[in-house]
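In what follows, a single structure is set out as structure tokens and then discussed.
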């Protein structure tokens, strides 16, 4: 039997990168999936690639109206909502903390942190009584911060703390809340994390990962699949490092 048979999942930032890997893997394991991305064309293309078990939805995850609409459309299409993966995220370019402009700071916190609040407001009432799983994508940046990404690092620290607090508060309602902490991966954000995409810069980042490679969307999807499945029914509040040993 497929590990997510009969489940309905909503994955944000799923038009590319980690989110796409998660959406594809969840669908392969039997879930119906709402592929949510700020880029509508990317969301719809990803859903079309996955097939009839997926729908593509456009949403800015920092806006309540967009979040509410995405949840409503998911339920309208599939009848319920069991799993939410808060994967959408952005960063400011790697540079000294005082060079980051206020509007950049606000946007990074809105997308990376406020979005979790908004999806909780929209999704938790639907999960009450039936149970559910919320997976927040944090980062090794919130556990072992790198210079040049101070404000981004801070958002991921917030994600980890929110996850633990949500897990305790929602446990009586049989809603599990976990986080993933990926190390830098082969995604569209990688060059922004590094500041400049050069072979030397890539090697510098890779040298900090004991297993000697960046993470892949499939690495993150495999971890998300486990946390979303009934195999993890006794696991909540964890921040699972998918980092090749980076945080040791």
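Pick out the one residue from 19, 89, 56, 51 that is at positive phi and modelled with pLDDT of 95 or more.
Testing whether each residue is at positive phi and modelled with pLDDT of 95 or more leaves just 51.
Of the residues in region 16-59, how many are part of a loop (DSSP other than H, G, I, E, B) and free of Cβ contacts under 8 Å to residues at least 24 places away in the same chain?
Counting residues in region 16-59 that are part of a loop (DSSP other than H, G, I, E, B) and free of Cβ contacts under 8 Å to residues at least 24 places away in the same chain gives 1.
If residue 19 meets every condition in (1) out of contact with any helix residue (DSSP H, G or I) (no Cβ under 7 Å at 6 or more places or on another chain); (2) within 24 Å of residue 129 (Cα to Cα); (3) buried (at least 24 other Cβ atoms within 10 Å of the Cβ) apart from one, which number is that one?
(2)
Just the residues that are in contact with a helix residue (DSSP H, G or I) (Cβ under 9 Å, 6 or more places away or on another chain) and either closer than 14 Å to residue 120 by Cα or at pLDDT below 95 (or both), please, taken from region 150-177.
159, 162, 163, 166, 170, 173, 175, 176, 177 - these are the residues of region 150-177 that are in contact with a helix residue (DSSP H, G or I) (Cβ under 9 Å, 6 or more places away or on another chain) and either closer than 14 Å to residue 120 by Cα or at pLDDT below 95 (or both).
So if I check each of 149, 211, 204, which one is without any contact (Cβ under 8 Å) to a residue 12 or more places away in the chain, out of contact with any strand residue (DSSP E or B) (no Cβ under 6 Å at 6 or more places or on another chain) and farther than 26 Å from residue 9 by Cα?
Just a single option satisfies the conditions, and that option is 204.
Would you please name the residue that is farthest from residue 235 (Cα to Cα), looking only at residues in region 178-207 that are part of a loop (DSSP other than H, G, I, E, B), within 14 Å of the chain's Cα centre (by Cα) and at pLDDT 80 or above?
184
Quickly run through region 72-87 and pick out the residues that are surrounded by 24 or more Cβ atoms within 10 Å (Cβ to Cβ) and in a helix (DSSP H, G or I).
Matches in region 72-87: 74 only.
Does residue 116 satisfy being touching a residue at least 40 places away in the same chain (Cβ under 8 Å) and assigned to a loop (DSSP other than H, G, I, E, B)?
no
The values are calculated or read from the model by the stated rules, or taken from the named source; none is laboratory data. Predicted model only: the values in this text are computed from it and were never measured. Quick reminder, even Gly has a Cβ in these numbers, built from the backbone with ideal geometry, and neighbours come from all protein chains shown.
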